[in-house]
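The values are calculated or read from the model by the stated rules, or taken from the named source; none is laboratory data. All of these numbers come straight from a predicted model, not from anything done at the bench. Every residue, glycine among them, receives a Cβ derived from its backbone with ideal geometry; neighbour counts consider all protein chains shown. Heads up: the accessible areas ignore ligands, DNA and RNA and are worked out on the full protein's heavy atoms, side chains in. Shrake-Rupley method; radii C 1.70, N 1.55, O 1.52, S 1.80 Å.
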Amino acid sequence: MAGETTRDPARGPGGDIVAVAPTGMAKPGGHYAHAVRAGGFVFVAGQLPIAPDGRVLADAPFAAQATQVLANVAAALTAAGSGVDRLVQVRVYVSDIAHWPAFDALYATWAGSARPARAVVPVPALHHG
């Protein structure tokens, strides 16, 4: 797949560890990959409301931010050869638990029939506000 780099192919019984750099997503803001494939699993890095062109949507309404984050997760999964329908567990961090009902409604539409285990955790602040 395009945008992938393999690290240490002899590492572990699951075979290659592949860092995935999805096309159509802004580059990560640090030393990490948006997704990593290893041993038949896909691990997606925490996603923020950052548009594909790199714009940070911190001043956008919550629904627009959450929609962008979910689109980023879906793009990372797709680039890694997986999809939302194969999710097993999801962790969501929100800066205000009052956003939970709005997030839950958006998430239900996004996840469709998939029902992965999920935790929604309120935190005092997230990167980029």
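Of all the listed residues (ASP85, ASP53), the sole one being more than 23 Å from VAL121 (Cα to Cα) and outside any strand (DSSP E or B) is ASP53. The residues of the stretch 87-97 that are open to solvent by less than 80 Å² (accessible area, probe 1.4 Å) and either over 18 Å from LEU48 (Cα atoms) or in contact with an Asp or Glu (Cβ under 6 Å, 6 or more places away or on another chain) (or both) amount to a single one, LEU87. If the condition is being touching a strand residue (DSSP E or B) at 6+ places or on another chain (Cβ under 8 Å) and surrounded by 17 or more Cβ atoms within 10 Å (Cβ to Cβ), then the stretch 67-86 contributes GLN68, ASN72, VAL73, ALA76, LEU77, ALA79, ALA80, SER82. For the stretch 67-100, the set of residues classified as of a type in the set (Gly, Ala, Ser) and without any contact (Cβ under 8 Å) to a residue 40 or more places away in the chain consists of ALA71, ALA74, GLY83, SER95, ALA98, listed by residue number.
Scan the stretch 33-66 for residues that are over 28 Å from VAL18 (Cβ atoms), free of Cβ contacts under 8 Å to residues at least 40 places away in the same chain and either among the hydrophobic types (A, V, I, L, M, F, W, C) or surrounded by 19 or more Cβ atoms within 10 Å (Cβ to Cβ) (or both) and the total you get is 4. Residues in the stretch 98-129 that are hydrophobic (A, V, I, L, M, F, W, C), open to solvent by 50 Å² or more (accessible area, probe 1.4 Å) and assigned to a strand (DSSP E or B): ALA117, VAL121. Is there a residue being modelled with pLDDT of 95 or more, assigned to a loop (DSSP other than H, G, I, E, B) and not polar (S, T, N, Q) anywhere in the stretch 58-78? The answer is yes; a qualifying residue exists.
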